[in-house]
Amino acid sequence: MRPPLETAALPADAIEIGRIADAWGIKGWFKVLPHSASPEALFSSKRWFLLPPDRPMKPKRATEIAASKTEQVAWTEPLLLCVKEAKDHSDTVVACAQDINDRNAAEALRGARIFVPRSSFPTAEEGEYYWVDLIGLQVVNREGLDLGQVRDLMSTGPQTVLVIEAAPESEGGKALERMIPFVDAFVDGVDLPGKRITVDWQPDY
């Protein structure tokens, strides 16, 4: 089933920030699974751009199996969702939007990927950075040695860790992976305009 929404061009700076899990209640509300533990971007933007699931959603009940075989992905172009309200609820987020007025309409959103423009993110506090802004930055140590590029970040609970990919030591070799805690003890500075992170770290650590 195609959600009852208008198509819209995906912004050039669109970032995927979560997915719609399922309908919530009978009045068109739906559950959202944010990609971040701090989903401020979901709350700051009232215009969400939806793309269909990148894989078919698993049917919830046996009675849905027949329908799911014929309704795998019913649209391909981005859809614009105008959010009226989004709020925390237990361990997830729930939201309601224009033109999503009942449970059936909300269920049609199930599995949709949520994108918002990076420009709509709230301003980060001093010394804080959005993960999306750190990915791709070059990492060098105090001696100017290139340690690689930030490929990903992971949360270990008390701290965030930079996952860095470096060029292989020999031609045809496997790329090296380094993990550096993103804490003041090891990170000297982040230069977003210069696309560089300076760290107190040696290549043989």
What residue, of Glu177, Glu125, is farther than 28 Å from Ala41 by Cα and at pLDDT below 95? Glu177
Could you tell me whether Val183 is hydrophobic (A, V, I, L, M, F, W, C) and either loosely packed, with under 14 Cβ neighbours inside 10 Å or assigned to a strand (DSSP E or B) (or both)? yes
Go through the residues of the stretch 166-183 one by one and say whether even a single one is of a type outside the set (Ser, Thr, Tyr), in contact with a Pro (Cβ under 6 Å, 6 or more places away or on another chain) and touching a residue at least 24 places away in the same chain (Cβ under 8 Å). no
With the stretch 7-64 as the region, which strands (runs of 3 or more DSSP E) entirely inside it contain at least 3 residues that are within 18 Å of Tyr130 (Cβ to Cβ) and either within 13 Å of the chain's Cα centre (by Cα) or at pLDDT 95 or above (or both)? 14-24
Boolean, Lys84 is assigned to a strand (DSSP E or B), more than 16 Å from the chain's Cα centre (by Cα) and at pLDDT 90 or above: yes
When (1) surrounded by fewer than 18 Cβ atoms within 10 Å (Cβ to Cβ); (2) in the same structural domain as His35 (by TED's automatic domain parsing) are applied to Glu126, the one that fails is (2)
Kindly list the number of the only condition in (1) farther than 29 Å from Pro52 by Cβ; (2) buried (at least 16 other Cβ atoms within 10 Å of the Cβ); (3) modelled with pLDDT under 95 that fails for Thr198. (3)
Those residues of the stretch 195-205 which are in a loop (DSSP other than H, G, I, E, B) and touching a Leu at 6+ places or on another chain (Cβ under 9 Å), in sequence order: Lys195, Trp201, Gln202, Pro203
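The values are calculated or read from the model by the stated rules, or taken from the named source; none is laboratory data. Every value quoted in this text rests on a predicted model; they were computed, and no experiment measured them. For neighbour counting, all protein chains shown are included, and Cβ atoms are generated from backbone atoms with ideal geometry for every residue, glycine included.
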